[in-house]
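Have a look at the structure below before the remarks.
Every number in this text was worked out from the coordinates using simple rules, so none of it is lab data. Note that the coordinates shown come from a computational prediction; the quantities given were computed from them, not determined experimentally. Every residue, glycine among them, receives a Cβ derived from its backbone with ideal geometry; neighbour counts consider all protein chains shown.
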Amino acid sequence: MKSFGDRVPVAGRAPASDTDPGAQPAFRRVLIPVEDASQAEHVVELARRAGASEVRALHLNLREIAGGRRFTLETDSEASRAVEAAVFELRMAGIGASGQVRHALVGKVAEAIVAEAIEWGADLIMLGIPRRGELATRLFGSVTLRVLKHAPCPVLVASAGSDRLHREPRAEDEHAARGRSEDLSTASAR
């Protein structure tokens with residue numbers, strides 16, 4: 001396991017919980033699993049919503065077993081990059097942050113998240129939007145449900161509505177927007 005720094009305030013910035021002198025943070029220690037470096041800004045938003053004073057970004061470097069051997073799905077540097085990006089963004093936002101990379105088997109993701117929450121002493125676990133649909137969840141189970149069942153602290157799951165802020169526009173969205181603007185220009189010409 002690799003650890004990426006302890007809580008170090010960014011020079012010239014107070015942690016988010018220190019901006020209001022009378023306010024107490026809603027949750028002091030928040031664990032947020034991070035899948036890749038592109039989620040760094042989303043992690044900051046989740047931490048702000050929780051009122052976290054300290055965040056641990058957790059990335060699981062997943063392994064599969066095939067033929068009696070274990071294979072990692074990404075390199076150690078790719079795993080480190082995901083955590084470092086999240087820690088950097090959190091610190092730039094004035095939130096105390098540390099990061100952790102853990103190795104976990106593909107089918108044991110929930111157990112690894114719960115183990116990290118216990119070891120670190122998390123007050124809250126924040127999970128992103130579940131990716132599996134209803135059918136896949138029924139067939140294969142849900143990481144979110146297993147974390148909810150075994151977590152030593154409250155678990156907050158991001159809603160699908162919060163994902164709209166962070167998704168990239170699709171070609172269909174751009175086409176629909178163009179169609180609406182053409183309809184408006186046609187209507188205004190009449």
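Numbers below:
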{"item": "Vicinal HN-Hα couplings computed from phi for segment 85-93 (Karplus, 6.51 cos²θ - 1.76 cosθ + 1.60; Hz; Gly/Pro x)", "result": "5, 5, 4, 4, 4, 4, 5, 5, 7"}
{"item": "In segment 39-137, the trypsin sites (Lys or Arg not before Pro) that fall in loop regions by DSSP, at most 12 other Cβ within 10 Å", "result": "R131"}
{"item": "Label point distance in nm, M92-E119, each placed 7 Å from Cα along Cα→Cβ", "result": "2.8 nm"}
{"item": "Pairwise FRET efficiency - F71 versus E45, Cβ, R0 = 41 Å, nearest 0.05", "result": "0.75"}
{"item": "Other-chain or far-sequence residues with amide H under 5 Å of V34's (modelled H)", "result": "L58, H59, L60"}
{"item": "Amide H contacts under 5 Å for L105, placed H, 5+ residues apart", "result": "R63"}
{"item": "P(r) of segment 57-114 over all Cα-Cα pairs, binned every 10 Å from zero, in whole percent", "result": "24, 44, 25, 7, 1"}
